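Worksheet for the structure shown next.
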Amino acid sequence: MAQAVSKQQLLFNESEEMVYSKPDEALKVAQHLLKNANSGKENAKINLLLAKIYEAKGDYNNALIYLYEANKGVADLSERDAVEVSVTQSRILRALYFDNQDNGLR
């Protein structure tokens, strides 16, 4: 069991490292991890990772969906991760607001 947990953690770390350099690969790894999540905490952390990947890809709709899912398990997250959920959500909503403002000026 310990080896399976450490393998999952290694995959999580690998996916996290690829968020900006190889987001499509990071997405595949994170989706695999989500399917195999064993706890609410893992689920919430992986949903946060997926949200960051989608944000990096510019897909704010999916990013917000995964942030919503991460927020459901925010009680299971560390304080730092819980704050990161809120900050990421705010950053995306702000980007969408300014994008909407730019489109209104044209």
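Scanning the range 11-39 for residues that are modelled with pLDDT of 95 or more and part of a loop (DSSP other than H, G, I, E, B) returns MET18, VAL19, TYR20, SER21, LYS22. Taking every residue in the range 80-101 that is closer than 24 Å to LYS41 by Cα and pairing it with any residue that is among the polar types (S, T, N, Q) and assigned to a helix (DSSP H, G or I), at least 6 positions away or on another chain, the pairs with Cβ-Cβ distances below 8 Å are VAL85/ASN71; GLN89/ASN71.
Which members of the range 1-60 meet the condition of being surrounded by 15 or more Cβ atoms within 10 Å (Cβ to Cβ) and among the β-branched types (Val, Ile, Thr)? Residues satisfying the conditions are VAL19, VAL29, ILE46, ILE53. Confirm whether ILE53 is more than 9 Å from the chain's Cα centre (by Cα), among the hydrophobic types (A, V, I, L, M, F, W, C) and within 21 Å of LYS28 (Cβ to Cβ). So ILE53 fails the test.
Pairing each residue of the range 58-74 that is more than 15 Å from GLU42 (Cα to Cα) and touching a residue at least 24 places away in the same chain (Cβ under 8 Å) with any residue that is outside any loop (DSSP other than H, G, I, E, B) and basic (Lys, Arg), provided the two are 6+ apart or on different chains, yields C-beta distances under 9 Å for ALA63/LYS52; ALA63/LYS57.
The values are calculated or read from the model by the stated rules, or taken from the named source; none is laboratory data. Just so it is clear, the model here is predicted, and its values are computed rather than measured. Quick reminder, even Gly has a Cβ in these numbers, built from the backbone with ideal geometry, and neighbours come from all protein chains shown.
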